[in-house]
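Colleague: Before we start, here is the structure in question, set down as C-alpha cells.
The values are calculated or read from the model by the stated rules, or taken from the named source; none is laboratory data. Computed from a predicted model, the values in this text were never measured in an experiment. All Cβ positions, glycine included, derive from the backbone under ideal geometry; neighbour counts span all protein chains shown.
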Amino acid sequence: MKSDPHPFADTHLRKRHRRARWFKNLTLFAIGLSISFLFYFLTDMVVKGLPAFQQTYIKVTIHYTTQSQSNPFAALDKSYRKIISRAWYRALPQQMAVNPALLNTQAEVWALADDQVDQYLKGHYHNLKPKERTLVDHLQAKGEVVLKFNALFFSHSDSKIPEFAGLKSAMVGSVLTLFITMVLAFPLGVMTAVYLEEFAIDNRWTQFIEININNLAAIPSILFGLLGLAIFINLFGLPRSSALVGGLTLALMTLPIIIVSARAALRSIPDSIRQAGYGLGLSKLQVVQDHVLPLAFPGILTGSIIGLAHAMGETAPLIIIGMIAFIPDSPDSFTQAATVMPAQIFTWAGMPERAYIEKTAAAIMVLLGVLLSFNGLAIYLRKKFAVKW
Amino acid sequence: MENKIKVTGLNLWYGDNHALNNVSIDIYKNHITALIGPSGCGKSTFLRCLNRMNDLIRNIRITGDVVIDGKNIYDKDVDEVSVRKHIGMVFQQPNPFPKSIYDNVAYAPLKHGQVKKGQTCDDLVEQSLRRANLWVEVKDKLQQPGTSLSGGQQQRLCIARTIAVQPEVILMDEPTSALDPISTEKIEALMLELKQDYSIITVTHNMQQAARVADYTAFFHLGLLIEYAETETIFINPVQKKTEDYVTGRYG
C-alpha cells in the first residue's frame with residue numbers, strides 16, 4: 001500500500017471536480033447554442049432585409065401628350081413598358097390633371113422600376129424576358145439605372161404592387177393603437193396595483209382578484225382578440241379594424257402584465273419607509289404618494305414599457321378584430337381602419353411575389369429596432385428616476 | 001410628578017394570540033421610561049399601542065384605555081393619524097426617507113401645515129437638527145441624501161425629523177440596537193437632553209442602557225407587566241422573582 005502523500009489527499013475529489021467541469025461545460029453549451037440561434041436569425045434578417053432599403057430607379061423621358069392623358073403607357077418609349085412600375089404609370093394622368101401646363105412638354109425624371117427589374121439588379125430570382133434583360137443591362141451600362149434609398153418604404157402604405165408597398169400605414173396604425181393602449185392600461189394598471197398592494201385588506205375577495213390577474217397574464221393572446229371582438233365590436237358597436245378597438249383589446253392584454261410588475265415594484269419598497277411616514281402622522285395617501293410611489297416609479301415604468309413593447313409585437317388578437325386588412329392609406333383617426341406593423345409583416349409574408357420577401361425582412365428589422373429602442377428607453381428611465389439609498 | 005400617559009386594562013390580541021394581558025401603567029412627564037423583557041414579551045407591541053401604530057396591522061383587537069393628557073386615544077372621535085403627530089416614533093433601524101437631509105426634517109411639518117416654505121421652515125430644520133445634536137455635522141450638506149450619513153447620524157436625523165413635528169411624547173423602539181457603541185452613547189446622551197422637553201418611552205434589549213438612561217423601568221414577560229418601578233428599584237431591589245432573574249441574567 002502506498003503511503004498517503006499528504007494530509008489533504010482525497011481520491012474522490014478528482015471525480016467531483018470532473019463532474020463540476022462537465023456540468024459547467026453543459027451550461028456553456030446551452031448559452032452558446034441560444035446565442036448562435038439568435039445570431040443566425042439576426043444575420044438572416046439583415047441579409048434578407050437590407051436590400052429592401054434600396055429601390056431601383058430608371059432614367060426616362062416623359063412625353064406629356066393628349067394621348068398619354070388617357071393611356072399613360074404612351075408617355076414613355078414602348079420598350080420601357082415592362083420595366084417601369086405600373087404604379088408609376090398610373091400616377092401620370094393625375095399629375096397632368098393637377099398641372100395642365102405639362103401638356104406637350106417633356107421631362108427627364110427617375111422613374112420607379114418594376115419589381116422584377118429590381119429583383120434582377122439585386123441578384124434575386126426574376127422573370128424578365130431576355131429582351132427586357134438586355135435593355136436593363138444596356139441602360140445600366142449608360143448609368144440610367146440606379147439603386148437609390150427607398151424613401152417610398154416609409155412614405156407609402158401597403159400596395160399590391162411590391163415596389164410601391166411601404167410601411168407607413170402600419171407604422172401610423174401601430175402608433176395610434178399603442179397610444180390607446182398606453183393611455184388606458186398604464187393608469188388603470190398602476191391604480192389597481194396601488195390599491196391591491198397598499199390599500200386592500202388581505203381577504204378571500206382580494207385573493208380571488210389576485211389569482212385572476214395572475215391567470216389573465218398567462219392567457220393566450222388570441223383569446224383577448226375574441227374578447228375584443230365580442231365586447232367592443234359586437235356589443236358596443238365600435239368600428240371594426242380600427243386602432244381604437246385594437247388599442248382597447250391590447251390594453252386588456254397588457255393590463256395584467258402592468259399590474260403584476262407594478263405590484264412587484266411596490267412590494268420591493270421596504271416597509272420601514274411606510275412606518276417612518278405613519279410614525280410622523282402622515283395619512284395613507286401622503287405615505288403612498290410622496291414616499292412609496294416615487295421609489296417604486298422606476299420599476300413600475302420599466303414593467304409598463306416592457307408590457308407596451310409586448311403589446312406592440314402582438315398580432316394574434318388584432319387578426320381577430322380585423323386589423324389584418326389591406327390598408328392602402330394610412331389612417332388619420334382612431335376609428336378608421338388600420339393595421340399594425342406585426343400584422344403588416346404577417347400580410348407580406350403571405351404574398352406570392354418574391355419582392356415581398358425582402359419587404360417582410362425589412363419590416364421585421366424596423367419592428368425590432370423600435371422594440372429595442374423601447375427597451376433602451378426603459379433602461380434609461382430606470383436609471384434616470386432611480387433614487388439613491 | 002405629572003402623569004402624561006395613563007394606561008388601564010390594556011389587552012391586545014393578534015388573531016387568537018393574547019399578546020398583551022391587562023396592562024396598566026402610569027407614564028410620567030419629562031422622564032425616560034424603559035420597557036425591558038425577553039423577545040416576544042409584548043414590550044414593542046405595548047409601545048406601538050401608545051401611538052396606535054398597531055392599527056396598521058390586520059386581525060388585531062385592542063381593549064382598554066390609553067389616556068394621554070386626559071383623552072383616551074382609542075375613543076371613536078380620535079383620528080389615529082393625529083395621535084401619531086402628537087406621539088412621535090423612532091425605529092430600530094434608522095429609516096430616513098431617500099430624500100435630502102433638509103427634506104427629511106421639513107417634509108412632515110410642511111405637510112401638517114406647521115410651517116410654510118422659506119425662512120420659518122429653514123429655522124425649524126436648523127432648530128430640530130441642533131436639538132438632535134446633528135446640526136454641526138450636516139449644516140454644510142443639507143441637500144445631500146439623508147441615506148448618505150452614517151448609521152448613528154441617520155438615527156439622529158430620524159430623531160430630528162420626529163421632533164420637528166413638535167410631539168409631546170417620543171416613542172423609541174430599540175433605537176440603538178443597530179448602532180455601534182459610540183453612536184449609542186451619543187443617542188443616549190441625546191435622550192437625557194431631550195427628556196427636559198419630552199416624555200420618552202424606549203424599548204431596549206440592553207439592560208445597561210435601561211440602567212443608564214431610564215428613570216422608570218417596566219419589565220414585561222409573556223404579555224404581562226410583571227413589575228414597574230423606578231429604575232434603581234428594578235435593578236437593585238426588585239420585588240418579583242422573575243424580574244430579579246431577568247435583570248441578573250439568569251434567563252431571558
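Colleague: Output the helices (runs of 4 or more DSSP H) that fall wholly within the range A:138-256 and possess 3 or more residues being polar (S, T, N, Q), or say none. Please lay out each step first, then the result.
Modeller: Details: elements: A:152-155, A:168-194, A:204-216, A:221-228.
In the range A:138-256, A:168-194, A:204-216 are the helices (runs of 4 or more DSSP H) which contain 3 or more residues that are polar (S, T, N, Q).
Colleague: Take A:ILE327 and tell me if it is surrounded by 18 or more Cβ atoms within 10 Å (Cβ to Cβ) and among the β-branched types (Val, Ile, Thr). Can you show your working first?
Modeller: Values: surrounded by 18 or more Cβ atoms within 10 Å (Cβ to Cβ): yes; among the β-branched types (Val, Ile, Thr): yes.
Yes, satisfied.
One line per residue, one yes/no per condition, for (1) within 13 Å of another protein chain (Cβ to nearest Cβ); (2) in contact with an Asp or Glu (Cβ under 8 Å, 6 or more places away or on another chain):
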| position | (1), (2) |
| --- | --- |
| B:ARG52 | yes, yes |
| B:GLY64 | no, no |
| B:VAL67 | no, no |
| B:GLY70 | no, no |
| B:TYR74 | no, yes |
| B:ASP79 | yes, no |
| B:ILE87 | yes, yes |
| B:PHE91 | yes, yes |
| B:ASN95 | yes, no |
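Colleague: Name the residues in the range B:87-107 that are more than 23 Å from B:LYS139 (Cα to Cα) and aliphatic (A, V, I, L, M), would you? I'd like the intermediate steps shown before the answer.
Modeller: Taking the range B:87-107 as the starting set, the residues that turn out to be more than 23 Å from B:LYS139 (Cα to Cα) are B:87-89, B:91-93.
Listed by number, the residues that qualify are B:ILE87, B:MET89.
Colleague: Which residue out of B:SER128, B:SER148 is over 16 Å from the mean Cα position of the chain (by Cα), of a type in the set (Ser, Thr, Tyr), within 14 Å of chain A (Cβ to nearest Cβ) and surrounded by fewer than 19 Cβ atoms within 10 Å (Cβ to Cβ)? Lay out the reasoning, then the answer.
Modeller: Working: B:SER128 fails: surrounded by fewer than 19 Cβ atoms within 10 Å (Cβ to Cβ).
Criteria check complete, one pass: B:SER148.
Colleague: Take A:PRO317 and tell me if it is crowded, with 20+ Cβ neighbours inside 10 Å, touching a residue at least 12 places away in the same chain (Cβ under 8 Å) and not small (Gly, Ala, Ser). Can you show your working first?
Modeller: Working: crowded, with 20+ Cβ neighbours inside 10 Å: yes; touching a residue at least 12 places away in the same chain (Cβ under 8 Å): yes; not small (Gly, Ala, Ser): yes.
Considered against the rule, which asks whether it is crowded, with 20+ Cβ neighbours inside 10 Å, touching a residue at least 12 places away in the same chain (Cβ under 8 Å) and not small (Gly, Ala, Ser), A:PRO317 comes out as yes.
Colleague: Let me ask something additional. Condition test on A:LEU282, is it surrounded by 23 or more Cβ atoms within 10 Å (Cβ to Cβ), within 14 Å of chain B (Cβ to nearest Cβ) and in contact with a helix residue (DSSP H, G or I) (Cβ under 9 Å, 6 or more places away or on another chain)?
Modeller: Values: surrounded by 23 or more Cβ atoms within 10 Å (Cβ to Cβ): yes; within 14 Å of chain B (Cβ to nearest Cβ): yes; in contact with a helix residue (DSSP H, G or I) (Cβ under 9 Å, 6 or more places away or on another chain): yes.
Yes: the conditions hold for A:LEU282.
Colleague: Still on this structure, please answer the following. Please name all residue pairs, on different chains or six or more residues apart, with Cβ atoms under 7 Å, provided the first residue is in the range A:366-389 and is among the charged types (D, E, K, R) and the second residue is not in a helix (DSSP H, G or I).
Modeller: Final answer for the pair search is A:LYS388/B:PRO98; A:LYS388/B:PRO145.
Colleague: Would you confirm whether any residue within the range A:270-277 is touching a strand residue (DSSP E or B) at 6+ places or on another chain (Cβ under 9 Å) and either away from chain B (no Cβ under 14 Å) or on the phi > 0 side of the Ramachandran plot (or both)?
Modeller: No, that holds for no residue.
Colleague: Next up: Tell me which residues, restricted to the range A:360-389, are at pLDDT below 90, among the aromatic types (Phe, Trp, Tyr) and exposed (fewer than 15 other Cβ atoms within 10 Å of the Cβ).
Modeller: A:TRP389
Colleague: Look at B:LYS139 and say whether it is among the charged types (D, E, K, R) and more than 14 Å from every other protein chain (Cβ to nearest Cβ). Step through it out loud before you land on a result.
Modeller: Details: among the charged types (D, E, K, R): yes; more than 14 Å from every other protein chain (Cβ to nearest Cβ): yes.
Yes: the conditions hold for B:LYS139.
Colleague: Let me ask something additional. Identify, from the list A:VAL175, A:VAL194, A:VAL245, the residue that is closer than 30 Å to A:GLU353 by Cα and out of contact with any strand residue (DSSP E or B) (no Cβ under 6 Å at 6 or more places or on another chain).
Modeller: Values: A:VAL194 fails: closer than 30 Å to A:GLU353 by Cα; A:VAL245 fails: closer than 30 Å to A:GLU353 by Cα.
One residue alone meets the criteria, A:VAL175.
Colleague: With respect to A:GLY350, is the statement that it is free of Cβ contacts under 8 Å to residues at least 40 places away in the same chain and either away from chain B (no Cβ under 14 Å) or acidic (Asp, Glu) (or both) true?
Modeller: Details: free of Cβ contacts under 8 Å to residues at least 40 places away in the same chain: yes; either away from chain B (no Cβ under 14 Å) or acidic (Asp, Glu) (or both): yes.
Taking the combined requirement at face value, the residue satisfies it.
Colleague: Being more than 30 Å from B:MET172 (Cβ to Cβ) and either within 14 Å of chain B (Cβ to nearest Cβ) or not basic (Lys, Arg) (or both) is the requirement here; does A:GLY225 meet it? Talk me through it step by step, then tell me what you get.
Modeller: Numbers: more than 30 Å from B:MET172 (Cβ to Cβ): yes; either within 14 Å of chain B (Cβ to nearest Cβ) or not basic (Lys, Arg) (or both): yes.
Answer is yes for this residue.
Colleague: From the list A:THR61, A:THR65, which one is assigned by TED's automatic domain parsing to the domain that holds A:ASP114, over 42 Å from the mean Cα position of the chain (by Cα) and surrounded by 10 or more Cβ atoms within 10 Å (Cβ to Cβ)?
Modeller: On the way: A:THR61 fails: over 42 Å from the mean Cα position of the chain (by Cα).
One residue alone meets the criteria, A:THR65.
Colleague: Follow-up question, since we're still on this one. Is there any pair with a first residue in the range A:41-58 that is among the aromatic types (Phe, Trp, Tyr) and a second that is crowded, with 16+ Cβ neighbours inside 10 Å and assigned to a helix (DSSP H, G or I) whose Cβ atoms are under 7 Å apart and which are 6 or more apart or on different chains, and what are they?
Modeller: From residues that are among the aromatic types (Phe, Trp, Tyr), the pairs are A:PHE53/A:PHE153; A:PHE53/A:ALA362.
Listed here are the residues, each with its yes/no results for (1) acidic (Asp, Glu); (2) within 14 Å of another protein chain (Cβ to nearest Cβ).
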position	(1), (2)
B:GLN154	no, yes
B:THR162	no, yes
B:ASP180	yes, no
B:ILE187	no, no
B:LEU194	no, no
B:MET207	no, no
B:PHE220	no, no
B:ILE226	no, no
